[in-house]
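What follows is a set of notes on a single structure, which appears directly below.
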Amino acid sequence: MAGFYVVGAALMLILILAVIMMMFELLSVLSIVFSAISLNKSKKYTALGGKYDFRSVRRFHTAALVFFIFGCIGALFFITGLLFSIANFIAYDDIETILWGSSSLIFGAAKYTVLIVLGVNSFRRFSQAKALWENICLNARINSRNCFSAKKVCPKCGSENNFGYNFCTRCGEKFVK
């Protein structure tokens, strides 16, 4: 009867590890997706010169960063499995085992290479977008919607007015849209 519990506990442990590994696989795929979206949004933000919603860029970058961390943990598990597979190939030296086992290793290596390349590129692009955003922040004021824009200058009296006003606060001149 004790052997039954040991086998049951071992099967539960294997099941739990399999679920954890599947979660890391899912998170690595989500890392690829969100890194690609973050890269695209950061490119768009810098291409438009900051005339795009930076909060959206930051949200997708944060999600990509979280998934990238879990994806890198999954990559470490993959490398560990790769080392065990190589040791297994060396020990058995069977060509069928090597051919059948290497296909999943090649796809896994390709997936984790894409994960790392996209992640690093999205971080690089985000740093460019963030530098542009900080430059805009230094030269502009924040309006009530947390969007950055320059002040309006009145064509009649020359005074500076905050964005969002339709009339000059000094002389009352209506701003032309």
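I need the calculated FRET efficiency for the pair VAL6 and LEU82, taking r as the beta carbon distance and R₀ as 41 Å, to the nearest 0.05. Provide the component values of the computation, followed by the final result.
Values: r = 30 Å, r/R0 = 0.73.
The formula returns an efficiency of 0.85 here.
Take peptides 112-122, 16-26, 42-52 and line them up by average Cβ neighbours within 10 Å, highest first, as a rough protection proxy.
Numbers: 112-122: 18.1, 16-26: 12.5, 42-52: 16.3.
By packing density, highest mean first, the sequence is 112-122, 42-52, 16-26.
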- line: Over 24 Å (Cα to Cα) among LYS41/LYS111; LYS51/LYS130; LYS51/LYS111 -> LYS51/LYS111
query: Roughly speaking, what is the stretch gain from SER127 to GLU173, that is 0.36 nm per residue apart minus the C-alpha to C-alpha distance, in nm to one decimal?
result: 12.5 nm
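Every number here is computed from the coordinates shown, using simple stated rules; none is lab data. Predicted, not measured: the structure shown is a model, and the values here were computed from it. Neighbour counts are summed over all protein chains in view; Cβ atoms, including those assigned to glycine, are modelled from backbone coordinates with ideal geometry.
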